[in-house]
């Protein structure tokens with residue numbers, strides 16, 4: 001069985017994340033979306049909320065599982081028996097960053113592989129950071145996050161604003 005791993009902080013889960021997950025799920029028997037803790041980031045949402053947002057957004061896809069992990073990506077990769085990690089790229093800077101991360105992870109585990117999927121053109125400017133900024137100032141995020149989580153994201157981010 002082929003297993004692909006799609007890791008990220010998903011803070012919050014966006015239409016771009018959803019698109020990459022849907023497309024990657026067609027390339028494998030099982031796609032594991034891993035909500036990762038990142039020591040360099042201070043998430044607006046708890047790990048539990050980020051997992052729930054991803055699950056709710058992807059619940060119609062039977063071969064997608066959502067998990068959380070606070071450890072090294074390569075350890076999760078090995079534990080799950082993955083064939084490759086899937087990463088979405090929006091720009092040249094994303095490509096450079098992902099290439100560097102792939103090389104670093106390959107130093108930790110020689111069998112580590114990465115598949116880079118370019119994002120859809122209409123989603124290339126959407127990021128979790130932009131979603132948070134637009135929402136903070138009262139903007140409409142309905143085209144940036146899956147419909148199933150728009151109200152939750154808006155409510156939670158407005159809470160943090162008050």
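Using the structure shown, decide if residue 147 is surrounded by 13 or more Cβ atoms within 10 Å (Cβ to Cβ) and within 19 Å of the chain's Cα centre (by Cα).
no
Of everything in region 64-95, what is exposed (fewer than 14 other Cβ atoms within 10 Å of the Cβ) and either modelled with pLDDT under 95 or under 16 Å from the mean Cα position of the chain (by Cα) (or both)? Give them in sequence order.
70, 71, 72, 91, 92, 93
Give me a count of the residues in region 101-123 that are farther than 12 Å from residue 77 by Cα and in contact (Cβ under 8 Å) with a residue 24 or more places away in the chain.
Going through region 101-123 one residue at a time, the tally reaches 7.
Are any of the residues in region 125-142 touching a strand residue (DSSP E or B) at 6+ places or on another chain (Cβ under 9 Å) and either within 22 Å of residue 18 (Cα to Cα) or modelled with pLDDT of 95 or more (or both)?
yes
Out of (1) over 21 Å from residue 15 (Cβ atoms); (2) modelled with pLDDT under 95; (3) out of contact with any helix residue (DSSP H, G or I) (no Cβ under 7 Å at 6 or more places or on another chain), the odd one out for residue 110 is which?
(2)
Given the structure, is residue 38 surrounded by 15 or more Cβ atoms within 10 Å (Cβ to Cβ) and not in a strand (DSSP E or B)?
No, not satisfied.
The values are calculated or read from the model by the stated rules, or taken from the named source; none is laboratory data. For clarity, every value in this text was computed on a predicted model and none was experimentally measured. So basically every Cβ, Gly included, is an ideal-geometry build from the backbone, and we count neighbours across all protein chains shown.
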